[in-house]
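None of the figures in this text is laboratory data; all of them are computed from the coordinates on show. Keep in mind that this is a model prediction, so the values were computed, not measured. FYI the Cβ positions are ideal-geometry reconstructions off the backbone, even for glycines, and counts take in every protein chain you see.
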């Protein structure tokens, strides 16, 4: 049975119900999943209803039912491996690959591939297994490519997850954005929450969770920039929301971007370039990197030709 515990360390609206906090702020389960998976909650050691209002300082404990055992099947899906040992694996995720199974994406995901690679977590090949323990430590959007790490056992999962929670990992992304920011470097700090007008989107909101992104402009062209993005928090769609918020959405973003006449067929130009994190038994952070994919080369080459033409 999956579980989660947290002392709420941020200011939340006094009217925010527990079920909304779980679905909109924590993003652990959707509203429909809360009911289907029989979410139960304790606050400050007492069982509470999901309609209970939450507040800063509450000691929150959650548990819910596993997904049905047939939810995920080990699949022999080719992966580009950056690093692998008995405890974890670092993958260069391809654009278009979903990280974790969800509605409409029950197979072909990174989780399916990891189950196949890790015999300790699956049975014989082809055996259906529970999705309660996927090994996924953090996530990348489907259309974001690049470095992602996953655990092969519970101890490593806890060890890695704690570093993400404590914000001691270092993550760098490369993006092509529309327009040129007025400053070469900058810090974006605000709050992000699910967009009340469109639950598939997120937006800057006073009722959200703290989100911090640093950016650095690497190169500019007429109407475009290549930037380095360093998130200091890990909110859903954070980089995409922040770039849109400052008026420079990521090129090819189907959710937060603008139509582009020069690159009408561009896919999301966001790539997880590097991750620095400690591995079990290590004392120093290891840095894992991946080269820019071909879609970046194609866009950059076209921009260079236009600039020099």
Exercise for the section: Would you please put 275-285, 24-34 in order of how densely packed they are, using the mean number of other Cβ atoms within 10 angstrom per residue and starting with the highest? Expected result: 24-34, 275-285
Exercise for the section: With springs only between Cα atoms under 10 Å apart, run a GNM on the chain and tell me which of 227, 89, 287 wobbles the most. Expected result: 287
Exercise for the section: Return one number: the angle in degrees, 0 to 90 and rounded to the nearest 10, between the long axis of the Cα atoms of helix 154-165 and the longest principal axis of the Cα atoms of the chain. Expected result: 50 degrees
Handout entry: Helix-derived mean residue ellipticity, 222 nm - over the chain, DSSP H n ≥ 4, -39500 (n - 2.57), to 500
Key = -4500 deg cm²/dmol
Handout entry: Alpha carbon convex hull of the chain, projected area averaged over orientations, nm²
Key = 17.0 nm²
Fill in the blank from the handout: Across 154, 143, 19, the residue with the highest GNM fluctuation in the chain (Cα network, 10 Å cutoff) is 154
Exercise for the section: Please label the shape of segment 170-308 as rounded, prolate or oblate, based on the square roots a ≥ b ≥ c of the eigenvalues of the alpha-carbon gyration tensor (a/c under 1.5 means rounded; beyond that, a/b larger than b/c means prolate, else oblate). Expected result: oblate
Practice task
Go from 0 up to the bin containing the longest alpha carbon distance in segment 3-63, width 5 Å each, and give me the % of pairs per bin.
Solution key: 4, 19, 35, 29, 11, 2
Practice task
Enter the angle in degrees (range 0 to 90, nearest 10) between the Cα long axis of helix 294-308 and the first principal axis of the Cα atoms of the chain, meaning the one along which they spread out most.
Solution key: 30 degrees
Practice task
Give me the distance between the Cα centres of segment 237-253 and segment 154-183, rounded to whole Å.
Solution key: 16 Å
Exercise for the section: Please identify, among 288, 164, 263, the residue showing maximal mean-square fluctuation in a Gaussian network model of the chain using a 10 angstrom Cα cutoff. Expected result: 263
Fill in the blank from the handout: Here the percent of antiparallel bridges among DSSP beta bridges lying wholly in the chain, to the nearest 5, is 95 percent
